[in-house]
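**Q** Below is a structure I'd like to ask you about.
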Amino acid sequence: MKKFNLILLMLLFTLSGCTFYGVDAQEIVMAPLGQNKPAASEIQYLETVTVPYEVIGHVTVNTERRNSMEEVIEKMKRQVSVLGADAITNIVQTDKPSSITRIRTVYTGTVIVFK
């Protein structure tokens, strides 16, 4: 019986496959072929948008809590440039309560193109 419990316990730990950071992957829709993708340095971060625009999606970034907001925005700009967008706005912190969020922070931003 002890041998069975030991094997069961070892199997449980082996198959658990836990990851420390728990990073989720989401599908990214890339810009259509032939459309020029802007460089990350050309993407704007706008706190308020005063011109007509269209929302084309949302970008989520996982970072360590010690990262500054400037680092978060630069990481988002790299993702937004792949989408072929003009700017990112409405960046909010969207942590889910867990033991991981004491170390990691999740930010979500709205990806827009100007009309």
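**Q** From 59, 23, 49, grab the single residue that is in a loop (DSSP other than H, G, I, E, B) and either under 21 Å from residue 87 (Cβ atoms) or at pLDDT 65 or above (or both).
**A** On the way: 59 fails: in a loop (DSSP other than H, G, I, E, B); 23 fails: either under 21 Å from residue 87 (Cβ atoms) or at pLDDT 65 or above (or both).
Criteria check complete, one pass: 49.
**Q** Let me ask another. Return the residue satisfying two criteria in turn: it lies in the stretch 68-115 and is surrounded by 13 or more Cβ atoms within 10 Å (Cβ to Cβ), charged (D, E, K, R) and not in a helix (DSSP H, G or I), and of such residues it is modelled with the lowest pLDDT.
**A** Per the stated criteria, the residue is 95.
The values are calculated or read from the model by the stated rules, or taken from the named source; none is laboratory data. As the structure is a prediction and not an experimental result, all values here were calculated from the model. We place every Cβ from the backbone using ideal geometry, glycine too, and count neighbours over all the protein chains shown.
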